[in-house]
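Here's the structure we're looking at; comments come further down.
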Amino acid sequence: MTNTGFTSKILHSDRRGTIEHGSIHKPIHTAVTYSYDDARNLAAVFQGKEAGYSYGRQVNPTVTALQDKISLMEEGVATAAFATGMAAIGTTLFSLLRAGDHFVSSSFLFGNTNSLFNSFSSQGIEVTFVDATDAGEVEEAIQENTRLVFVETIANPRTQVSDLIKIGDLCEARNLIYFVDNTMTTPYLFQPKSVKASLVINSLTKYIGGHADALGGAVTETGLYDWTTFDNLYNTYKKGDPTLWGITQIKKKGIRDFGATLAPEAAHHLSIGSDTLALRMEQACANANALTEYLSQHEKVKKVYFPGLEEHHQHELAKTLFKYPGALFSIELVDEVDCFDFINRLDLVICTSNLGDTRSLAIPVAHSIYYEMGPERRASMGIDDSLVRFSIGIEETDDLLADFEFALSENSR
Ligand SMILES: *Cc1c(COP(=O)(O)O)cnc(C)c1O
């Protein structure tokens, strides 16, 4: 078979599963429940003795097809899909950790993940935030009751790159679950399994779905963690292949009990979007490279944060780890330029939150997504008032360059 390339592999994955009426991609199955001619089969499905569909909160054929596709992308052994990326992170941690447990997290986090982790301490699960660009900091934070380490590949908006290889070695040596958020890099640029991740979370809402038309999240089991050594699993999920025990508890208990289920219609949108992930990332990453090169030379731009630039502290590490350094960057403007005026002068680039869309997006970070945390916390995170974050899309490079050039030009009003 010649389907070894990223795109040919995922593009044909649906029809190589169960073919329905020769359908070349998985149909949207909307039935909430499934019937059995023999009641014994229904009982066997409920008892986990037979594979089958029971109730839509737990499992659905359209969602299963998407899960299989994500597993292919990440070269993992199984994937659980969720209604959102936040649901994926929250449900996974609630499924695996118990009161009295501790985990270590990067302090450079997606804002809502940061907010979620802060809530865990009130539930008896302790978290220590560290500078994850240094595996030494992670190591120092490990306690006797530490169960898990959580990091993002490239954090936004300042584009810090986690010390992914060394943290992987550390987690392996200390037998900790290594939970990596791959949203910013996607499995096309980077597979966390290559740095010994145990579980990988992707917000499907972003690059994988890619068109900002559906929310979703996924957690993929890489097969590398030895779940027979993990005390927090219920006996009922410790059956069959031990590499699947953790993800089984996440699916059978986490998704079932919390109910943050991905809808089949959303799964369809995300799956169709994911077909072109590689093509979109090629164009978006090339655009981000061209724009950051241009902006880093511009007199009205004080600073550009992008791991693709040599001046970035972790440029060499990013080159080692990722196929490309992503399609997201941030800039600080010189004092004379107002960040609102600048964004307003952009025409092609849309002023909005979100990232990983086909369209280029800009947001004044301190005044929007980081407003709630206040000036002191922003300063501690290095968020300047003039910081503008860009998620670059797939427009033609010259059109984007012209848009930025105009927005930064003197007499543009
Ligand atoms: C957006 C995002 C999430 C959350 O995903 P949703 O689908 O919006 O819930 C998690 N991690 C990162 C890095 C993100 O960018």
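Laboratory data are not the source of any read-out in this text; all were calculated from the coordinates shown. All values derive from a computational prediction rather than experimental measurement. Quick reminder, even Gly has a Cβ in these numbers, built from the backbone with ideal geometry, and neighbours come from all protein chains shown.
Quick notes
- Using θ = phi - 60° and Karplus 6.51 cos²θ - 1.76 cosθ + 1.60, couplings along segment 73-84 (whole Hz; Gly, Pro as x): 4, 8, 6, x, 9, 6, 9, 10, 9, 9, 4, 8
- With both labels modelled 7 Å from their Cα along Cα-to-Cβ, the Arg377 to Glu140 distance reads 2.3 nm.
- Cβ-Cβ FRET estimate between Ala99 and Asn175, R0 fixed at 25 Å, reported to 0.05: 0.75
- Cα-only radius of gyration and Dmax that characterise segment 277-408, units Å: 14.2, 41
- Taken as Cα centroids, segment 349-408 and segment 320-337 sit 10 Å apart, rounded to the nearest whole angstrom.
- Helix 397-408 axis, angle to the chain major axis (alpha carbon atoms, nearest 10°): 50 degrees
- Packing, taken as the mean count of other beta carbons within 10 Å per residue, orders the peptides 255-261, 391-397 from highest to lowest as 391-397, 255-261.
- Here's the picture: charge each Lys and Arg Cβ at +1 and each Asp and Glu Cβ at -1 in the chain, and of His268, Ile19, Tyr178 the one pushed furthest to the positive end of that dipole is Ile19.
- Using the Cβ-Cβ distance between Ala402 and Val77 with R0 set to 41 Å, the FRET efficiency from 1/(1 + (r/R0)^6) comes to roughly 0.30.
- For segment 6-274, a simple Cβ point-charge model (Lys and Arg +1, Asp and Glu -1, everything else neutral) yields a dipole of about 780 debye relative to the Cα centre.
- Helix content alone sets the calculated 222 nm mean residue ellipticity of the chain: runs of n ≥ 4 DSSP H residues at -39500 (n - 2.57) each, divided across all residues, give -10000 deg cm²/dmol.
- Dipole magnitude of segment 191-326 about its Cα centre (Cβ charges: Lys, Arg +1; Asp, Glu -1), debye to nearest 20: 360 debye
- Spin-label model distance (nm) - His25 vs Asp37, 7 Å beyond Cα toward Cβ: 3.3 nm
- Restricted to Cα atoms, segment 6-274 shows a radius of gyration and a Dmax of 18.2, 58 angstrom.
- Between the listed residues Pro375, Gly52, Gln191, the Cα displaced farthest toward the positive end of the dipole of the chain, a dipole computed from Cβ unit charges relative to the Cα centre, is found at Gly52.
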